[in-house]
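Enquirer: Once you've had a glance at the structure underneath, I'll fire off some questions.
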Amino acid sequence: MPAHTFLPASAPLTGRIAVPGDKSISHRALMFAGLTVGRSTIAGLLEGEDVLATAAAMRAFGARVERLEDGAWVVDGAGLGSLLEPAQALDMGNSGTSTRLLMGLVASHGITATFTGDASLSRRPMERVITPLARMGAAINASPGGTLPLMMRGALPAVPITYRLPVASAQVKSAVLLAGLNTPGITRVIEPVPTRDHTERMLEGFGARLEIGEEGGEKVIDIHGEADLTPLDVTVPGDPSSAAFFMVAASIVPGSDLVIENVGMNPTRAGLVEALRQMGAEITEENPREVGGEPVADLRVRHAHLKGAEIDPALGPAMIDEFPAFFVAAAMAEGTTTTSGLEELRVKESDRLAAMAAALTLAGARAEEHEDGLVIHGSGGEPLPGTPEGAEVATHLDHRIAMSMAVAGLASRSGVAIDDTGPIATSFPGFASLLEEAAAQPQSSPGRKSEIPG
Ligand code: S3P
């Protein structure tokens, strides 16, 4: 449990940085490549613990997954329909995406698999994938409350279903679509509220037959099984959810003018840019282009005097992982920021409404926790006091709480102490050094700081 104090920025954030590859896209690239027969390569793969859990699982299913010396990854697929039964339980660590998507894969293969995870993942609801996958024929035994550890036996053949998502979740959508890949016939997912569409985009690239339409304002996705996937060379764009911490940091540290290169700008992920702009942030998109079938741009972010705003709940899914960082921006804005419709934040790696309300309050911000969102009264640009001597923000095994409060530390008087920076390695190895480099922070401050993680 490495504790750490993130100190006030001693300089504006300037220059150019690049963030690691997109986590959602990295998981999918490994899984889909593992379902082909032949060799795929992946450039820019995120080498965070969550993605490495997916890589290990794909190996257990019979794929060969290797990192080359130049940092590219090669995958020799096991082939859809030919996944092996894992010899041991699959340890999913902290990763909800690995768990839910891989459960979808197992659901239509005649194999048995056991999924385990850390304390955070073992609290998270799996019923949302168990329900549709059981309808497709999978037999699933979960722990009380529909949680991990969980053992499942896939169905061969599985039964195609039509499933209307009861929660806006790309993980549930993807689990059903992945199960549909090896299910004869058409599996249909109806999505009343659009969520990230990386699965649809990338499956098409790997040769799956998908039809995407709209009925009564709802997205309808048909996938044809059994699919014949072909190998693909994938380049993973930078993760907008990792860029988020630097977007907020540059917006709130006076004098900052930072370019974040190669950031994924898929509209289903870019809600934070819109929300920050609504508050007066200065973010420009430079050099827009396409990488790996995804829109990408370099983002230039300059410090701005942010003003409180009421955030439209419809923007929620497109910035679902960015709220912890966004709350820090709100804490530094002038006036009140209101968010609502965010019940899903309570079932992420932590209860992010409770965790961020407590963390911001400890750092001297004014945050009110409501059932479905936070209301934050901003400081008007004044630095936050920082955590009191001896007190530490509780991160609850949640990487995004740790990184958001690190950013709050930059804009504080005395720094923000965090109980555990370990979880940062799940999604953003190298975060602390990149932040300290960008903000020219002193490398150590005796008594206030332990080693710099990752
Ligand atoms: C993800 C979907 C989202 C997101 C998660 C990654 C994905 O989860 O919060 O970090 O890669 O599909 P939900 O599907 O639970 O909203």
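The values are calculated or read from the model by the stated rules, or taken from the named source; none is laboratory data. The shown structure was predicted, so the numbers you read here are calculated from the model rather than taken from an experiment. Cβ: placed from backbone, ideal geometry, glycine included. Neighbour counts: every protein chain shown. The accessibility values were calculated without ligands, DNA or RNA, using every heavy atom of the protein model including side chains. Shrake-Rupley method; radii C 1.70, N 1.55, O 1.52, S 1.80 Å.
Enquirer: Does segment 327-352 hold any residues that are within 14 Å of the ligand (Cβ to nearest atom) and not β-branched (Val, Ile, Thr), and which are they? Steps first, answer last, please.
Expert: In the first step, residues of segment 327-352 are kept if they are within 14 Å of the ligand (Cβ to nearest atom); the result is 341-352.
Answer for segment 327-352, where residues must be within 14 Å of the ligand (Cβ to nearest atom) and not β-branched (Val, Ile, Thr): 341, 342, 343, 344, 345, 346, 348, 349, 350, 351, 352.
Enquirer: Moving to a separate point now. May I ask you to verify whether residue 227 is away from the ligand (no atom under 14 Å from the Cβ), assigned by TED's automatic domain parsing to the domain that holds residue 27 and small (Gly, Ala, Ser)? Give the derivation first.
Expert: Working: away from the ligand (no atom under 14 Å from the Cβ): yes; assigned by TED's automatic domain parsing to the domain that holds residue 27: yes; small (Gly, Ala, Ser): yes.
Yes: the conditions hold for residue 227.
Enquirer: Here is a further query. Identify, by number, the condition in (1) more than 16 Å from the ligand (Cβ to nearest atom); (2) assigned to a loop (DSSP other than H, G, I, E, B); (3) open to solvent by 20 Å² or more (accessible area, probe 1.4 Å); (4) not hydroxyl-bearing (Ser, Thr, Tyr) that residue 56 doesn't meet.
Expert: (2)
Enquirer: Please indicate, with yes or no, whether at least one residue in segment 298-306 is outside any strand (DSSP E or B), over 21 Å from residue 396 (Cβ atoms), open to solvent by 50 Å² or more (accessible area, probe 1.4 Å) and touching a helix residue (DSSP H, G or I) at 6+ places or on another chain (Cβ under 9 Å).
Expert: Initial filter on segment 298-306 (outside any strand (DSSP E or B)): 303-306.
From what's left, over 21 Å from residue 396 (Cβ atoms): 303-306.
When the remaining residues are screened for being open to solvent by 50 Å² or more (accessible area, probe 1.4 Å), the result is 303, 305.
If we keep only those that are touching a helix residue (DSSP H, G or I) at 6+ places or on another chain (Cβ under 9 Å) too, we end up with 303.
Yes: one or more hits.
Enquirer: Moving to a separate point now. Among the residues of segment 243-257, is any surrounded by fewer than 17 Cβ atoms within 10 Å (Cβ to Cβ), under 23 Å from residue 403 (Cβ atoms) and in contact with a strand residue (DSSP E or B) (Cβ under 6 Å, 6 or more places away or on another chain)? Step through it out loud before you land on a result.
Expert: Filtering segment 243-257 down to residues surrounded by fewer than 17 Cβ atoms within 10 Å (Cβ to Cβ) leaves 254-255, 257.
Checking which are under 23 Å from residue 403 (Cβ atoms) leaves us with 254-255, 257.
Those still in the list that are in contact with a strand residue (DSSP E or B) (Cβ under 6 Å, 6 or more places away or on another chain) too: 257.
Yes: segment 243-257 contains one or more residues that are surrounded by fewer than 17 Cβ atoms within 10 Å (Cβ to Cβ), under 23 Å from residue 403 (Cβ atoms) and in contact with a strand residue (DSSP E or B) (Cβ under 6 Å, 6 or more places away or on another chain).
Enquirer: Do we have residue 363 as under 16 Å from residue 241 (Cβ atoms) and crowded, with 20+ Cβ neighbours inside 10 Å here?
Expert: On the way: under 16 Å from residue 241 (Cβ atoms): no; crowded, with 20+ Cβ neighbours inside 10 Å: yes.
Answer is no for this residue.
Enquirer: In this structure, does residue 356 turn out to be at pLDDT 95 or above, touching a strand residue (DSSP E or B) at 6+ places or on another chain (Cβ under 9 Å) and farther than 19 Å from residue 280 by Cβ? Lay out the reasoning, then the answer.
Expert: Details: at pLDDT 95 or above: yes; touching a strand residue (DSSP E or B) at 6+ places or on another chain (Cβ under 9 Å): yes; farther than 19 Å from residue 280 by Cβ: yes.
Criteria met by residue 356.
Enquirer: Among what's in segment 81-125 and is outside any loop (DSSP other than H, G, I, E, B) and touching a Lys or Arg at 6+ places or on another chain (Cβ under 9 Å), pick the residue that is nearest to the ligand (Cβ to nearest atom). Walk me through it before giving the result.
Expert: Within segment 81-125, the first condition is being outside any loop (DSSP other than H, G, I, E, B), and the residues that meet it are 90-91, 96-107, 112-116, 121-123.
Imposing the further condition that a residue be touching a Lys or Arg at 6+ places or on another chain (Cβ under 9 Å) reduces the set to 96-97, 99-101, 106, 112-113.
Values: 96: 6, 97: 4, 99: 11, 100: 7, 101: 7, 106: 17, 112: 25, 113: 20 Å.
Going through the qualifying residues, I end up with 97.
Enquirer: I need the full set of residues from segment 1-22 which are surrounded by 24 or more Cβ atoms within 10 Å (Cβ to Cβ) and outside any loop (DSSP other than H, G, I, E, B), in order please.
Expert: 4, 6, 21
Enquirer: Could you check how many residues of segment 262-277 are open to solvent by 20 Å² or more (accessible area, probe 1.4 Å) and in a helix (DSSP H, G or I)?
Expert: Residues meeting the conditions: 2.
Enquirer: Report whether or not residue 408 is in contact with a helix residue (DSSP H, G or I) (Cβ under 6 Å, 6 or more places away or on another chain) and either modelled with pLDDT of 95 or more or open to solvent by 10 Å² or more (accessible area, probe 1.4 Å) (or both).
Expert: yes
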